[in-house]
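The next block holds one structure in the form of structure tokens; read it before the comments.
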Amino acid sequence: MIESLLVANRGEIARRIIRTANRLGIRAIAVHSEADAGLPFVTEADEAVCVGPANPAQSYRNVEAILAAAKATGAQAIHPGYGFLSENADFARTVERSGLIWVGPGADAITAMGDKINARNLMAAAGVPVAAGTTEPAADLDAAVAAAAGIGYPVMVKAAAGGGGMGMGVAADEAALRTEYDKVRAFAERMFGDGSVLIERYFPRVRHVEVQILGLADGRVVALGERECSVQRRNQKLVEESPSPAVSPELRARFLAAAVRAGEAVGYRNAGTVECLLDPATQEFFFLEMNTRLQVEHPVTELVYGVDLVEEQLRVAAGLPPTFDPDALAPRGHAIELRINAEDPKRFLPGPGAITTWREPGGEGVRVDSGYVAGNTVTPFYDSLLAKLIVNGRDRAEAVERARAAVAAFEVAGPKCNLPFFAELLENEEFLSGDYDTGIVGRMR
């Protein structure tokens, strides 16, 4: 097993990785910005190194500073968490060329899946269903208009290099397409340094379902069930649950088989997620993208399958077999995750500030993965995620009941917080029925 691990991230995911490292007796090394010096992940690590000022480009995305910290502390491996450098193929290659272990998929797999058009083409060749769309970038507006005419409106206009719900727009007709194309292209150039645009069929009513895969050290790819991720605002996930209430056993078998094929097509190793869109009317699903990293919502899979995905990541990276029998994976119960953010519960606008009260709920079936404690300050420099409230029960009804009680018991004061939104959601008839889609939040507002 790896003996020393540098965590190239911050907040709740850094704290989460450090917790597993501590349990396994691995020396955990944190890197942090000047703004994060007082956060729990820094103090809970065995060693911590400041890698720059608050600006992520000068700290958490500063490859030279992170590698220098690894060298100075004698780290054997680097875990990138999610976000920041986690899906940066050049960083993965640099880590390995520096003689360190990269806790993630190979750089070639990251590159293959990083471009949405290339990923779609690879998946189609592997027999994974993809929605109608362009097989090469729409080079200009005329090309986009021609592609949309062939696909049929409405269409989704997407940044080929985008991810995490960013760089997307919907066009119901040609006039809207002309506006959205220019908007998405400008955003993609600014955010990703790549203005390539994909035109794809848009589904007005759709569910967002993803499959957790794990590429093992022996070359096999296994699927650890699906997660429902349809409660979203501005294409950003707010709630995830497993198993999906929309997925029948027959559909699940198709989902998992397609996800395994997707992983096998790129020789995938380590943890990853195959994201799909599900048309509830036809039960058709289509490949959306593959996230070549650990997902924010991985805890619901951990609770349903009884595994520690961070430990499994470390074992794969070290060339070790998994802790579970890949041929005897069986889900148990139901789990729900709520993303507790420092944002207004109505308009979802960020609201940073000093935390004056922080009381986490507890009890049977309740888990909190948090990045903050009372006395910390939520700064405007990073993602607004404060914590993840995860509950599990024998079935969905019990998980919902535990979620209600946990939300009511969770006390946060200082920054804005979206806990009241979850209290409302957990009484919403559409959500409770399980028959909801990605438009549910808009209908609640």
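The values are calculated or read from the model by the stated rules, or taken from the named source; none is laboratory data. This structure is a prediction, so every number in the text was calculated from the model and none was measured. Here the Cβ positions follow ideal geometry from the backbone for every residue, glycine too, while neighbour counts run over all protein chains shown.
Tabulated data
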read-out: Condition check for residue 75: over 22 Å from residue 295 (Cα atoms), in contact (Cβ under 8 Å) with a residue 60 or more places away in the chain and either in contact with a Gly (Cβ under 8 Å, 6 or more places away or on another chain) or in a loop (DSSP other than H, G, I, E, B) (or both); value: yes
read-out: Residue check for residue 337: farther than 21 Å from residue 437 by Cβ and touching a residue at least 60 places away in the same chain (Cβ under 8 Å); value: no
read-out: Residues (buried (at least 16 other Cβ atoms within 10 Å of the Cβ) and either in contact with a Phe, Trp or Tyr (Cβ under 6 Å, 6 or more places away or on another chain) or in the same structural domain as residue 372 (by TED's automatic domain parsing) (or both)) located in segment 36-68; value: 60, 61
read-out: The listed residue being more than 30 Å from residue 297 (Cβ to Cβ), outside any loop (DSSP other than H, G, I, E, B) and at pLDDT below 95, out of 120, 178, 190; value: 178
read-out: Of all residues in segment 246-299 being basic (Lys, Arg) and over 20 Å from the mean Cα position of the chain (by Cα), the one that is surrounded by the most Cβ atoms within 10 Å (Cβ to Cβ); value: 252
read-out: Yes/no for residue 25 being of a type outside the set (A, V, I, L, M) and within 26 Å of residue 321 (Cβ to Cβ); value: yes
read-out: Top-ranked residue of segment 300-334 - restricted to ones that are more than 22 Å from the chain's Cα centre (by Cα) and either among the acidic types (Asp, Glu) or part of a strand (DSSP E or B) (or both), ranked as surrounded by the fewest Cβ atoms within 10 Å (Cβ to Cβ); value: 327
read-out: Enumeration of residues in segment 301-334 that are in contact (Cβ under 8 Å) with a residue 60 or more places away in the chain and over 27 Å from residue 6 (Cβ atoms); value: 303, 304, 305, 326, 329, 331, 333, 334
read-out: Strands (runs of 3 or more DSSP E) (entirely within segment 335-415) containing at least 2 residues that are among the aliphatic types (A, V, I, L, M), modelled with pLDDT of 95 or more and under 25 Å from residue 443 (Cα atoms); value: 385-393
read-out: Residue count, segment 125-150 (criterion: part of a helix (DSSP H, G or I) and in contact (Cβ under 8 Å) with a residue 40 or more places away in the chain); value: 5
read-out: Of all residues in segment 288-303 being acidic (Asp, Glu) and within 24 Å of residue 131 (Cβ to Cβ), the one that is modelled with the lowest pLDDT; value: 289
